[in-house]
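Working notes, structure below.
Nothing in this text is a laboratory measurement; each read-out follows from the coordinates by a stated rule. Small disclaimer: the values here were computed from a predicted structure and weren't measured. Positions of Cβ are generated from backbone atoms using ideal geometry, with glycine treated the same way; all protein chains shown enter the neighbour counts.
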Amino acid sequence: MTDDFVLDVTRIREEARQKMEAGAVTDTYGLDKHRVIGVLNEVIATEVVCWLRYTRHAISATGIDRAQVSQEFTEHAAEEMQHALMAAERISQLGGAPDFDPTTLAQRAHTDYTTPSDEDLRTMLENNLLAERIAISTYQEIIRWLGDHDPTTRRMMETILEQEEEHADDIIDLLGV
Ligand SMILES: [Fe+2]
Ligand SMILES: [Fe+2]
């Protein structure tokens, strides 16, 4: 059996030299870079909205299980902000501009900013579980779309997805369902 994978190192070295200003993005990059930057900006918006929702809920959580739920929301909020920063860093590597514009965050996000009027713990937990489930689905789609074309962005999204699944699982535990 022959292995037909042959790296043309000379060509790659030449191409790498020709477009130094493109930074980390080379000719072997398999996708439309601008499309990937656009999708990652939606991830930033989603994560910032999730950070806002968790932070708000952590502060206003009341009821018998307040301390435990509030602590979990605070931990999740910190991780959502970390996710936003990871996506922003990757956009920058791809030569794009991370979009944190607050005037468009809500419409660019995959998830909603919600505040239950009665500040009910169970409703808050359900709101956050729904948001996590939406993020899990959209991130899975993004990962499938990235495929082998951009392994670095895919790995980053897989890391984020893993944490969103943990968040959903944490909430299920708190809901006691
Ligand atoms: Fe997140
Ligand atoms: Fe999450």
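Tabulated data
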{"item": "Radius 12 Å from Cβ of A77, net charge of other residues (Lys, Arg +1; Asp, Glu -1)", "result": "-3"}
{"item": "Karplus 3J(HN,Hα) series, Hz, for segment 94-111 with 6.51 cos²θ - 1.76 cosθ + 1.60 (x for Gly, Pro)", "result": "7, x, x, 10, x, 9, 10, 4, x, 5, 10, 3, 4, 6, 8, 6, 7, 10"}
{"item": "Dipole of the chain, positive direction: furthest Cα of H83, A16, A109, with charges on the beta-carbon", "result": "A16"}
{"item": "Long-range Cα-Cα pairs in the chain (distance over 25 Å), rounded percent", "result": "42 percent"}
{"item": "Segment 1-78-segment 92-165 distance, computed between alpha-carbon centres (Å)", "result": "10 Å"}
{"item": "The chain - mean residue ellipticity at 222 nm from DSSP helices (-39,500 (n - 2.57) per run, n ≥ 4, rounded to 500)", "result": "-23500 deg cm²/dmol"}
{"item": "Around T115: net Lys/Arg minus Asp/Glu count, Cβ-Cβ under 14 Å", "result": "-3"}
